[in-house]
Every structure is written in structure tokens, then in C-alpha cells.
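Undergrad: One structure, as C-alpha cells, below. Some questions next.
The values are calculated or read from the model by the stated rules, or taken from the named source; none is laboratory data. On a predicted model such as this, the values are computed, not experimentally measured, just so you know. Reconstructed Cβ throughout: ideal geometry from the backbone, glycine too, with neighbour counts over all protein chains shown.
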Amino acid sequence: MKAPCLPFATPIRLAAIGIFLSAAAAPAQTDVAVNGSFETGPGVSNVVVIPQGSNSIFGWTVVDGDIDYVGSYWMPANASVSLDLNASDSAGGVAQLVPTNVGDWYEVVFAMSGNPVGGDVAKTMDVRAGSVGQSFSYDTTGNTLADMNWVDKSLWFQASTTLSEIRFVSGDMPSAHGPALDNVRVFEYDFRLQVEEHPSGSPVSVCALGATPNATVLIAYSFVGAGPIGTPFGNLMVSNPYSSLALPQTDASGNTCLDVNVPPSAFGRDVWVHAFDDSTKTFSNGVAIVLGP
Ligand SMILES: [Ca+2]
């Protein structure tokens, strides 16, 4: 069977297959983290060391070692406070239990930087979310206390319990100048859209994960922008004009994938993609990629 060609797929308005566009406002994406910007905590002017085991940052426990609670010492990513996960030569961290629905997907997004004053130029942070773990690195070259060049990073997990631990631990040891953390957000999705390009630029693998088993998932894509277009079921995160296609029926786990061939003439174009579970009438996360190798 020939896979549809993304830029030339038959343009079918989603309105014709179940979504009725309206001006209805959609609810904001749910963030299940508490105090993710660390603003509610002990008083701080410059820097305060918080010992392992402390719960003085609301919603968080300091784990593995001491950390620095950083106020005006350097520029935070969000609001007034951020963290250095190393204090006094110890590699520390913070952890929080977030409420999760079994089977739902969660994207943990956080701002990362690194202490520019000392230690290794490259900082490492080990992040765990549910049963998923990933190590993140950050190069502090060029950073100053006034310009920390915060970068958003993220990882995904599918919840298997009603409480899931989110854990950020320094990978730099021993050092008093570690990775910096701020603005943690944990976004909840009924199911996940994953779009991955083959290194050569084609095909693009479009997958829906954790949707309704044995059911239909629709894909909308646009070369114009991220929308939003209001619908009775939430915001469709693509701009007009957009096209759509149906993925193969989901399997018993609610997963389905389609390889979409992309002609070289489309390389370099931006595409915005969003998925819709036609059984539960819910949207996935939105994805934006640049086509091509
Ligand atoms: Ca903050």
C-alpha cells in the first residue's frame, strides 16, 4: 500500500469528519506540578543552602544532597527564584509526587542552565519521571550571572500509577557549582502524538500512543502555523488552511503509526501537526518540525 504523501494528501476538512469548528474557548493545558517555579519557599535574598531531606520549598523534597535556593544571585528563568542542584561540594536534587492518571501521557518540561562561576563547563542533570530516566547536559560557555541562557528541555512518560515521582538530580560531583533548574511544568495528555523523521528526511513516522484501543485517530497538519482553531473539544493547534488524514486503526494498547513519505521538494518547510482521538473527542500534544534531513 502506498503511503500518503504529506504535502499532497487529499485535503479533508476535519469539520467533515467529526470536528465542528467554533469560537469556543478551550481550557488551558493542564499542568499537574505544584510550585514548579520554586517561588514558594524559604525567604531568600541572595542564596540559601537547603539541606537534604528538607521540605521547605513548597511541594518539593530536597533529595540526595544539599542544594542552593538562588534568589538575586543570578537571573532565574521564571519569576524570582531558581535552584543550583549543587551546594558545598554535594550533588543534590529535588523531587515531587504529581497526581497522574494511569495510561495518560505526561510531558515534563523544565528550564535548565548551569552555574557559570566554577566547576565543569558542561553540567549534567539526571531526570526521572515515573519509570523513565534521562540524563541532560548543558554547556555553560558564555553564561554570566546576569545572562544564564536558560533552555527548555523535556521528557515524556506514560503513567502506570496514580502518583508519579518527578526527580531532578545533579550529575556533577563533587562540585559546588552545578546544573541550574527552574520553571518545571508537567503537562497531561490523554494520548501522545509523536512525530519522528528518518535521518534522510523521509519517511516521517507519525504515531499516536495511548489513544483509545481499536479506534480512529485523526491527524491535522498545516504548513502555515500552530493555530489555534477553537473547536467544541478544545483548541486545534494548527492554522488554516490545514489538511487531515486518518491513522490506521489503533491496536489493543491504543497505539498506531503511519510512515508518511516526504518529497525532497518539501524539505526545509515547517509543518505543524495535531492529533484527535475520535472516540473520546480529545486532542494530543501538538508537534512542530522542520521537514528534511
Ligand atoms: Ca522561578
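Undergrad: Pick from the range 196-211 the residues that are part of a strand (DSSP E or B) and surrounded by fewer than 20 Cβ atoms within 10 Å (Cβ to Cβ): which of them is farthest from the ligand (Cβ to nearest atom)? Let's see the steps before the verdict.
TA: Taking the range 196-211 as the starting set, the residues that turn out to be part of a strand (DSSP E or B) are 196-197, 204-209.
Those left that are additionally surrounded by fewer than 20 Cβ atoms within 10 Å (Cβ to Cβ): 196-197, 205, 207.
Numbers: E196: 32, E197: 34, S205: 36, C207: 34 Å.
Residue satisfying both the conditions and the ranking: S205.
Undergrad: For the subset of the range 96-122 comprising residues that are in contact with an Asp or Glu (Cβ under 7 Å, 6 or more places away or on another chain) and in a loop (DSSP other than H, G, I, E, B), which member is nearest to the ligand (Cβ to nearest atom)?
TA: Among those that are in contact with an Asp or Glu (Cβ under 7 Å, 6 or more places away or on another chain) and in a loop (DSSP other than H, G, I, E, B), it is N115.
Undergrad: If you check every pair at least six apart or on different chains, which have Cβ atoms under 6 Å apart with a residue in the range 77-95 that is touching a residue at least 60 places away in the same chain (Cβ under 8 Å) and part of a strand (DSSP E or B) first and a residue that is within 16 Å of the ligand (Cβ to nearest atom) and not hydrophobic (A, V, I, L, M, F, W, C) second?
TA: Short answer, once both residue conditions are applied: S82/P76; S82/D182; D84/D68; D84/N115; A87/D68.
Undergrad: Next question, about the same structure. For residues that are of a type in the set (S, T, N, Q), closer than 18 Å to P116 by Cα and part of a strand (DSSP E or B), tally how many sit in the range 147-182. Before you say what the answer is, go through the steps one by one.
TA: Here is the first cut: in the range 147-182, the residues of a type in the set (S, T, N, Q) are 149, 154, 158, 160-162, 164, 170, 175.
Checking the rest, the ones that are also closer than 18 Å to P116 by Cα come to 149, 170, 175.
Filter once more, so that each one left must be part of a strand (DSSP E or B): 170.
Result for the range 147-182: 1.
Undergrad: Something else now. Please list, ordered by first then second residue, the pairs with beta carbon atoms under 6 Å, 6 or more apart or interchain, first in the range 227-249 and within 11 Å of F276 (Cα to Cα), second modelled with pLDDT under 90 and of a type in the set (G, A, S).
TA: G234/A26; N235/A26; L245/A9
Undergrad: A follow-up question, please. Go through the range 124-143 and give me each residue that's outside any strand (DSSP E or B) and surrounded by 15 or more Cβ atoms within 10 Å (Cβ to Cβ).
TA: First, pick out the residues of the range 124-143 that are outside any strand (DSSP E or B): 130-131, 140-143.
Within the range 124-143, G130, T140, N143 meet the criteria.
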